[in-house]
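Visitor: Got a structure for you, questions after.
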Amino acid sequence: MPRRRFDQNNDRVDYGELLSADAYYELDQAVGLTYSLDMEALMGIPLCLGMHGEMTTGQKNNPLYVLEAIRRTGKKLSIFCNVGCIKVPKAESRLYALLEDSIHEVRMPNYTNNFHPKLWVLQYHNIHDGRVLIKIVTLSRNLTFDQSMDVAVDMDGFVGSTINPKNQPIADLLTFVSQFDSNKNRYKQLIENVRRVERFSLLDCFDDYEFHPFGIYGKNDNGIKKVSTKEHHKTPREMFRDCYALFVVSPFLSETVIGDLLDDYSKSPESGPVKRCLITRDTSVTKRIYDAFNRREGDGIWVINPALSSNDALEDGDTFGYASRDIHAKVYFTDKYNEPKRLYLGSLNASNNAFDHNVEFLLELVYKPYHASYWSVMEDFIPVNDEKNGCPFVQMTSFEEIEKAEEENDVDFREVVYGVKSAEVIAEDGVFTVKVYSDQLYEGVTIRPFYVKTNIQPLAEEVVFTGLSLNNLSNMFILTKEGADCLIRLEVDGMPSEEREDAIFNDIISNRPMFMTYMRYLLDEDFYDSVSFEELLSQSREAGDNPEGYGFAVEPDIYERMLKAAAEYPERFDSMYEVVEKIDDDKIGEEFKQLLELFIRAAGGKGKGRK
C-alpha cells in the first residue's frame with residue numbers, strides 16, 4: 001500500500017522549511033502572495049530566509065539576531081496582500097518599520113473583489129557554482145498564525161537557457177502584482193528566470209504540472225492593469241465539470257458553484273459525477289449542498305472531528321491552549337473519462353467570489369497512470385480505519401441547520417480603505433509633517449500614523465500630522481471605526497527611508513556594549529549559539545566596553561575573531577561595514593573604524609572609510 005500523502009500526523013510541514021533552500025544556496029529574491037497578513041508572522045520570514053539552521057527561542061527573542069536577519073533579507077523580500085487585510089499587531093515594534101517597504105497592498109478594481117492567492121516564488125543561487133534555483137511554494141494558508149488545517153506543496157527547478165511555456169502563468173502573476181510596487185522593475189529578472197526554468201521537481205507519483213492563476217487576464221479594469229494574452233486560460237468550472245469522480249476540500253461554498261460542478265440542476269439522479277465527496281466546514285453546508293453530495297451509496301460530506309479542537313490536540317510545543325481549528329485547505333481531485341487523474345491545490349474555494357471575482361491560484365498536478373484513484377485519495381484524507389491516530393473528520397449523516405456561534409460583528413472597512421489614496425512626508429528643521437489624502441470626508445472614521453498613538457485625526461480629504469520625529473514616520477496607518485481598528489499601508493512620497501532605518505538601528509544598538517556584541521556575532525555566528533542575549537552583553541562589558549563610552553581600545557577577542565574571519569570568511573567584513581555605516585560614531589570608536597578599514601584592505605577591499 002503506498003504511503004499517505006495527506007497524513008496530518010506524519011506529513012506536517014514547517015512554514016520556514018518550505019521556503020528555505022540548502023545551506024550552500026543564498027537568497028536573491030523572495031515574493032510572497034497572501035490574502036491576509038500578520039506582522040508578527042511576517043517577522044519570522046527573514047529569520048528563516050536569512051539565518052540557516054533551526055532557531056532557538058532565545059535567538060527569536062534577541063533583537064540583534066532579528067535585526068541581522070532583516071538586514072540580510074529585508075530588501076530581498078516582497079509581500080503582496082489584499083488591501084485592508086493586515087492584522088493590527090498587539091505591540092508596535094520599531095522592527096516592523098524595517099519591513100514596511102517589503103509590504104504592498106493589492107487594490108482590486110472594486111472592493112467587492114479580493115486578492116486571495118497564497119504563493120511564494122523564491123530565487124536562490126549556489127554559492128559554489130552560481131547556478132540559479134527557483135522555488136515555488138503553493139499553499140492554502142495565509143501568512144498568519146492560524147491553526148486551521150491547510151496544505152502546501154513546494155517545487156524547485158534550475159534556470160536554463162530556453163523559455164519554458166509551462167511557467168508563463170507564474171511570470172504573468174508576478175507581472176500582475178508588480179504594478180502594486182512603485183519599484184516594479186525589481187521583478188524583471190525574476191520573471192525572466194521563472195520563464196527559463198527547465199522543469200520543476202515533482203513527487204514520484206506525479207507526471208506533470210500546470211499553473212493556474214485566475215482573475216489576472218483580460219482588459220484593464222478601473223486603473224488595474226491585467227495581463228493581455230491571446231491564449232485561452234481554463235476557468236475553474238471547465239477544470240472540474242464533467243467528472244466521473246470528484247473529491248472536493250473547501251471550507252467555504254456557494255450553492256450555485258456546487259450545482260455547476262455536480263450538474264445539480266438536472267433532475268436525473270444519474271447526472272453529474274458518479275462518485276462525489278466533500279470535506280468542508282459544517283457551517284457552510286446547506287440542505288441543497290447536503291442533498292447534492294448524498295445521491296448515491298458512498299457519497300458524503302465530512303467535517304472536522306470536534307476532538308481536534310481540544311487543548312491536547314493543539315499542544316505542539318509552541319502553541320498551547322484552546323484555538324479554533326477547522327478545515328482551511330482547498331483541494332480538488334478529478335477523475336475524467338479518458339484523461340489522467342489530477343490533483344489541484346491552492347487558494348480557490350468552491351464559492352462564487354473565488355470562481356468569478358477574486359484573484360486566485362491553483363497548482364495542477366497530473367498523476368502517473370495507476371498511481372491514484374478516487375478511493376485512494378479519499379482514504380488518504382479520511383483514514384476511518386486508523387485506530388492509532390484516529391480520523392480527523394466525521395461524516396454528516398443527516399442535515400440539520402448548524403447554528404453559527406455568535407461572533408463579534410466585523411466592521412466593514414472596505415469602502416474606507418479604497419477611499420484613502422496617498423500620503424506624503426514634508427521635512428522642515430528636523431521635524432516632519434505627514435499629509436494623507438482621501439476621496440472624501442468619512443464620518444465616524446479616524447486615522448493616525450502607526451507609531452503615533454496620541455495624534456488622532458478625523459479622516460477627511462486632507463489630513464495633516466505635524467511635529468513628527470524621524471522615529472514616528474511610517475508607511476502604515478491605523479483607521480478606527482465603531483471601536484474597531486484597521487491597518488493600511490500606503491506609498492508615502494518623500495519618506496526618508498534610509499535615514500529612518502539608520503535611526504531604528506541606533507535605537508536598538510543603543511550603546512557600545514550592544515554594538516560590540518553585534519560585531520562579535522557578525523564575525524562568528526557560532527559565538528551566539530550557546531549563550532543568551534543577556535550573557536552576551538555581560539561578556540561585552542567584562543571585555544572592557546561600557547555604556548559611558550570610555551575604554552575604546554579594540555578588545556582582544558574582537559581582534560582575534562577579525563583575524564580568523566580574514567583567513568576564512570573575509571566577506572563578513574562587508575556586513576560589518578554596512579552596520580558601521582548606520583551606527584553613530586560615539587558607539588564605535590575611531591580605533592575600531594581604523595582597524596576595520598585595515599582588514600577590508602587586507603581582504604582585498606578598498607577600505608572605503610566612513611562617511
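Visitor: Could you identify the single residue in Arg489, Arg520 that is among the charged types (D, E, K, R), modelled with pLDDT of 75 or more and in contact with a Phe, Trp or Tyr (Cβ under 6 Å, 6 or more places away or on another chain)?
Guide: Result: Arg520 is the single residue among Arg489, Arg520 that is among the charged types (D, E, K, R), modelled with pLDDT of 75 or more and in contact with a Phe, Trp or Tyr (Cβ under 6 Å, 6 or more places away or on another chain).
Visitor: What is the residue count in the range 152-193 for residues that are closer than 19 Å to Gly215 by Cβ and β-branched (Val, Ile, Thr)?
Guide: Of the residues in that region, 4 qualify.
Visitor: Looking only at the range 555-585, count how many residues are free of Cβ contacts under 8 Å to residues at least 40 places away in the same chain and in a helix (DSSP H, G or I).
Guide: Summing the residues that are free of Cβ contacts under 8 Å to residues at least 40 places away in the same chain and in a helix (DSSP H, G or I) in the range 555-585 gives 14.
Visitor: Being under 29 Å from the mean Cα position of the chain (by Cα) and of a type in the set (Ser, Thr, Tyr) is the filter here; which residues of the range 276-310 pass it?
Guide: Thr280, Thr283, Ser284, Ser309, Ser310
Visitor: Out of the range 237-246, which residues are surrounded by fewer than 22 Cβ atoms within 10 Å (Cβ to Cβ) and under 26 Å from Ile170 (Cβ atoms)?
Guide: Arg237, Glu238, Met239, Arg241
Visitor: Let me ask another. Filter the range 255-283 for residues that are open to solvent by less than 20 Å² (accessible area, probe 1.4 Å) and not in a strand (DSSP E or B); which is farthest from Gly215 (Cα to Cα)?
Guide: We begin by selecting, within the range 255-283, every residue open to solvent by less than 20 Å² (accessible area, probe 1.4 Å); these are 257-259, 261-262, 271, 273, 276-280.
The next check asks that each one be not in a strand (DSSP E or B); those that pass are 257-259, 261-262, 271, 273, 280.
On the way: Val257: 17, Ile258: 20, Gly259: 22, Leu261: 19, Leu262: 23, Ser271: 30, Pro273: 27, Thr280: 24 Å.
Applying the filter and picking the extreme gives Ser271.
Visitor: Based on this model, can you work out whether Phe158 counts as among the aromatic types (Phe, Trp, Tyr), open to solvent by 20 Å² or more (accessible area, probe 1.4 Å) and part of a loop (DSSP other than H, G, I, E, B)?
Guide: no
Visitor: Output the qualifying pairs, or none if there are none: Cβ atoms under 9 angstrom, residues six or more apart or on different chains, first residue in the range 89-109 and farther than 30 Å from His357 by Cβ, second residue of a type in the set (Phe, Trp, Tyr) and assigned to a helix (DSSP H, G or I).
Guide: Qualifying pairs under 9 Å: Leu98/Phe505.
Visitor: If you don't mind, there's one more thing I want to ask. Can you tell me which residues in the range 192-205 are part of a helix (DSSP H, G or I) and open to solvent by 30 Å² or more (accessible area, probe 1.4 Å)? Please lay out each step first, then the result.
Guide: Filtering the range 192-205 for residues part of a helix (DSSP H, G or I) gives 192-195.
Glu192, Arg195, listed by residue number.
Visitor: Take Asp146 and tell me if it is open to solvent by 10 Å² or more (accessible area, probe 1.4 Å), touching a residue at least 12 places away in the same chain (Cβ under 8 Å) and under 15 Å from Val194 (Cα atoms).
Guide: Values: open to solvent by 10 Å² or more (accessible area, probe 1.4 Å): yes; touching a residue at least 12 places away in the same chain (Cβ under 8 Å): yes; under 15 Å from Val194 (Cα atoms): no.
When the stated conditions are applied, Asp146 does not pass them.
Visitor: For the range 575-598, give me each residue that is hydrophobic (A, V, I, L, M, F, W, C) and open to solvent by less than 20 Å² (accessible area, probe 1.4 Å). Talk me through it step by step, then tell me what you get.
Guide: Kept after step one, since they are hydrophobic (A, V, I, L, M, F, W, C), are these residues of the range 575-598: 576, 579-580, 583, 588, 592, 595-596, 598.
Result: Met576, Val579, Val580, Ile583, Ile588, Phe592, Leu596.
Visitor: Taking the condition of being hydrophobic (A, V, I, L, M, F, W, C), outside any loop (DSSP other than H, G, I, E, B) and open to solvent by 10 Å² or more (accessible area, probe 1.4 Å), how many residues in the range 101-132 meet it?
Guide: Result for the range 101-132: 1.
Visitor: Sticking with this structure for a sec: Taking interchain pairs and intrachain pairs at least six residues apart, which have beta carbon atoms under 7 angstrom, with the first residue in the range 280-305 and over 19 Å from Tyr244 (Cα atoms) and among the polar types (S, T, N, Q) and the second open to solvent by 40 Å² or more (accessible area, probe 1.4 Å) and assigned to a strand (DSSP E or B)?
Guide: If the second residue must be open to solvent by 40 Å² or more (accessible area, probe 1.4 Å) and assigned to a strand (DSSP E or B), the pairs left are Asn305/Val394.
Visitor: Same structure again: Hey, Thr397 hits all of (1) open to solvent by 40 Å² or more (accessible area, probe 1.4 Å); (2) of a type in the set (Ser, Thr, Tyr); (3) touching a Leu at 6+ places or on another chain (Cβ under 8 Å) but one; which does it fall short on?
Guide: That leaves (3) as the condition not met.
Visitor: State whether the residues of the range 173-183 include one that is part of a loop (DSSP other than H, G, I, E, B) and aliphatic (A, V, I, L, M).
Guide: No, the conditions are met nowhere in the range 173-183.
Visitor: Go through the range 425-443 residue by residue and tally those that are exposed (fewer than 12 other Cβ atoms within 10 Å of the Cβ) and assigned to a strand (DSSP E or B).
Guide: Result for the range 425-443: 1.
Visitor: In the range 444-466, what residues are open to solvent by 60 Å² or more (accessible area, probe 1.4 Å), modelled with pLDDT under 95 and either in contact with a helix residue (DSSP H, G or I) (Cβ under 9 Å, 6 or more places away or on another chain) or under 16 Å from Lys481 (Cα atoms) (or both)?
Guide: Of everything in the range 444-466, just one residue is open to solvent by 60 Å² or more (accessible area, probe 1.4 Å), modelled with pLDDT under 95 and either in contact with a helix residue (DSSP H, G or I) (Cβ under 9 Å, 6 or more places away or on another chain) or under 16 Å from Lys481 (Cα atoms) (or both), namely Lys453.
A quick yes/no check of all residues on (1) out of contact with any strand residue (DSSP E or B) (no Cβ under 8 Å at 6 or more places or on another chain); (2) surrounded by 16 or more Cβ atoms within 10 Å (Cβ to Cβ); (3) within 20 Å of Leu33 (Cα to Cα):
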residue: Leu173; (1), (2), (3): no, yes, yes
residue: Phe176; (1), (2), (3): no, yes, yes
residue: Lys184; (1), (2), (3): yes, no, yes
residue: Asp207; (1), (2), (3): no, no, no
residue: Asn222; (1), (2), (3): yes, no, no
residue: Val248; (1), (2), (3): no, yes, no
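Visitor: Select from the range 133-143 the residues that are over 21 Å from Asp28 (Cα atoms) and either assigned to a strand (DSSP E or B) or open to solvent by 30 Å² or more (accessible area, probe 1.4 Å) (or both) and list them in ascending order.
Guide: First, pick out the residues of the range 133-143 that are over 21 Å from Asp28 (Cα atoms): 139-142.
Listed by number, the residues that qualify are Leu139, Arg141.
Visitor: With the range 296-403 as the region, which helices (runs of 4 or more DSSP H) entirely inside it contain at least 1 residues that are at pLDDT below 95 and among the hydrophobic types (A, V, I, L, M, F, W, C)?
Guide: Answer list for the range 296-403: 311-314, 374-381.
Visitor: Further, regarding this structure: Just one of (1) under 17 Å from Gly84 (Cβ atoms); (2) surrounded by 11 or more Cβ atoms within 10 Å (Cβ to Cβ) trips up Asp410, so point out which.
Guide: Unmet for Asp410, out of (1) under 17 Å from Gly84 (Cβ atoms); (2) surrounded by 11 or more Cβ atoms within 10 Å (Cβ to Cβ): (2).
Visitor: Quick one: would you say Tyr15 is closer than 20 Å to Trp120 by Cα, within 10 Å of the chain's Cα centre (by Cα), at pLDDT below 90 and open to solvent by 50 Å² or more (accessible area, probe 1.4 Å)?
Guide: yes
The values are calculated or read from the model by the stated rules, or taken from the named source; none is laboratory data. Given the structure is predicted, the values throughout are model-derived calculations rather than measurements. All Cβ positions, glycine included, derive from the backbone under ideal geometry; neighbour counts span all protein chains shown. For the accessible areas, the whole protein counts, side chains as well, though only heavy atoms, and no ligand, DNA or RNA atoms are used. Shrake-Rupley method; radii C 1.70, N 1.55, O 1.52, S 1.80 Å.
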